[in-house]
1. Using Cα atoms only, what is the angle between the long axis of helix 9-25 and the major principal axis of the chain, expressed in degrees (0 to 90) to the nearest 10?
2. Could you sort the peptides 23-30, 100-107 by per-residue average Cβ neighbour count (10 Å cutoff), highest mean leading?
3. Figure the gain on full extension for residue 33 and residue 92 (residue separation times 0.36 nm, minus the Cα-Cα span) and round it to one decimal in nm.
4. With axes computed from alpha carbons, what is the tilt in degrees of helix 53-75 against the longest principal axis of the chain, rounded to the nearest 10 within 0 to 90?
5. What's the angle, to the nearest 10 degrees (0 to 90), between helix 94-110's Cα axis and the longest principal axis of the chain?
6. Arranged by the count of other C-beta atoms within 10 angstrom, fewest first, what order do 95, 38 take?
7. Divide by every residue of the chain the summed helix terms, -39500 (n - 2.57) for each DSSP H run of at least 4, and state the resulting mean residue ellipticity at 222 nm, rounded to the nearest 500 deg cm²/dmol.
8. Could you work out the mean projected area of the convex hull around the alpha carbons of the chain, in square nanometres to one decimal?
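Just so it is clear, none of the values below were taken in a lab; they were calculated from the coordinates. Bear in mind that the values here come from a model prediction, so they are computed numbers and not experimental data. Please note: Cβ atoms are built from the backbone with ideal geometry, for glycine as well, and neighbour counts cover all protein chains shown.
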């Protein structure tokens, strides 16, 4: 999973569900079952798209970057408002809050997991 843009719709939905699990319950709670329940799909479907927990977490991190990027770029279209793109990075809405919580969790987890650093 080297490119965020290469995520299929199903993979993006799974990555979004992973971000929600991280934001709501923490990084260490992420499992195929917890993500499958959040995404409303079977554990087998999650494993089909992401054969390992590491790939699942990497995709979630990439997806979070993509979501933040898309929000900042969309907000930056207004040439009169220079602060709008930065505002999109603050935890002021539900998706922004999820991404902010996920980034804090990923940062903390990276201290003990070299593959995240």
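1. Roughly 90 degrees between the two axes.
2. The most tightly packed comes first, giving 100-107, 23-30.
3. 18.3 nm
4. 20
5. Tilt relative to the chain: about 60 degrees.
6. Ordered from fewest to most neighbouring Cβ atoms within 10 Å, 95, 38 come out as 95, 38.
7. The per-residue figure over the chain is -20500 deg cm²/dmol.
8. Across all orientations, the chain yields a mean hull projection of 7.4 nm².
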